[in-house]
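See below for the structure under consideration.
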């Protein structure tokens with residue numbers, strides 16, 4: 001059990017002793033430090049520590065009641081969110097959407113529910129780009145609002161929201177805005193997935209044709225996570241754009257070999273074939289194009305590889 005959870009339970013118990021209705025209030029993480037003090041004082045309450053205990057408990061409960069979410073509803077919101085995670089992992093997007101909206105009915109300030117909802121809208125943006133983009137941005141912004149306020153959770157979700165906004169803006173062609181959000185994400189010391197943010201920052205710079213900055217960001221990305229296939233792939237793209245074909249071949253080889261699952265990365269086979277053609281390695285390039293076609297002949301990359309094979313061999 002985390003310190004924050006233990007502190008919260010301790011504070012609720014003491015609130016009951018003071019005659020405050022525990023059921024009408026929810027967990028308030030912004031007062032975690034205060035609650036931690038309660039936990040320490042709880043074993044040895046004296047006339048000196050009792051005023052601190054009373055003040056801290058009241059601070060937590062008053063702030064919690066301000067948003068009108070009961071402890072039971074807060075717990076229900078968490079359970080609905082956890083259910084949505086499972087549904088999303090099973091590929092049941094409609095069920096996940098429905099459950100997340102239920103989670104937010106119970107607790108409108110559940111940042112994890114907002115974050116997952118935003119990501120689901122982003123993942124399904126092709127279904128209805130105007131609506132899904134609008135909803136994704138709204139929920140990413142809500143996470144940032146919650147994390148910047150008094151109801152912030154103990155873990156930083158802000159960097160994940162900024163990373164999501166960056167990806168959304170890249171899809172929308174708002175590349176300069178994407179760079180701004182992603183720079184904030186990579187600067188967050190609490191970012192647990194910094195390799196993703198650096199990789200997406202490199203992607204944004206690629207779209208802006210700023211290849212030196214793209215290469216710098218993508219090198220940082222793959223140093224943080226050696227098996228990040230997409231990072232290696234984008235780095236290969238950047239080297240191809242600067243006509244550094246040897247480094248492009250090396251990066252694209254890593255994109256294919258960094259993880260066993262990357263062997264099916266069709267675009268990486270295609271671009272490595274291009275790099276090898278430019279290096280004069282025709283037979284190796286041929287093998288890449290054949291593998292590319294084998295993976296999926298009717299995709300855009302598959303058709304491009306077929307054209308190379310037909311024109312060259």
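The values are calculated or read from the model by the stated rules, or taken from the named source; none is laboratory data. Worth saying up front: this structure is predicted, and the values here are computed from it rather than measured. Note: ideal-geometry Cβ built from the backbone for every residue, glycine included; neighbour counts use all protein chains shown.
Is it true that residue 138 is within 17 Å of the chain's Cα centre (by Cα), without any contact (Cβ under 8 Å) to a residue 24 or more places away in the chain and in a helix (DSSP H, G or I)? Yes; evaluated as a whole, the condition is true for this residue. Only one of the numbered conditions (1) without any contact (Cβ under 8 Å) to a residue 24 or more places away in the chain; (2) surrounded by fewer than 19 Cβ atoms within 10 Å (Cβ to Cβ); (3) assigned to a helix (DSSP H, G or I) is violated by residue 189, and that is (3).
Just a yes or no: is a residue in segment 92-109 in contact (Cβ under 8 Å) with a residue 12 or more places away in the chain and either in contact with a strand residue (DSSP E or B) (Cβ under 7 Å, 6 or more places away or on another chain) or within 29 Å of residue 220 (Cα to Cα) (or both)? No, segment 92-109 contains no residue that is in contact (Cβ under 8 Å) with a residue 12 or more places away in the chain and either in contact with a strand residue (DSSP E or B) (Cβ under 7 Å, 6 or more places away or on another chain) or within 29 Å of residue 220 (Cα to Cα) (or both). Considering the conditions (1) within 23 Å of residue 195 (Cα to Cα); (2) at pLDDT 95 or above; (3) touching a helix residue (DSSP H, G or I) at 6+ places or on another chain (Cβ under 8 Å), residue 210 is excluded by exactly one of them, (3). On inspection, residue 176 passes the criterion of being farther than 21 Å from residue 116 by Cβ, in contact (Cβ under 8 Å) with a residue 24 or more places away in the chain and out of contact with any helix residue (DSSP H, G or I) (no Cβ under 6 Å at 6 or more places or on another chain).
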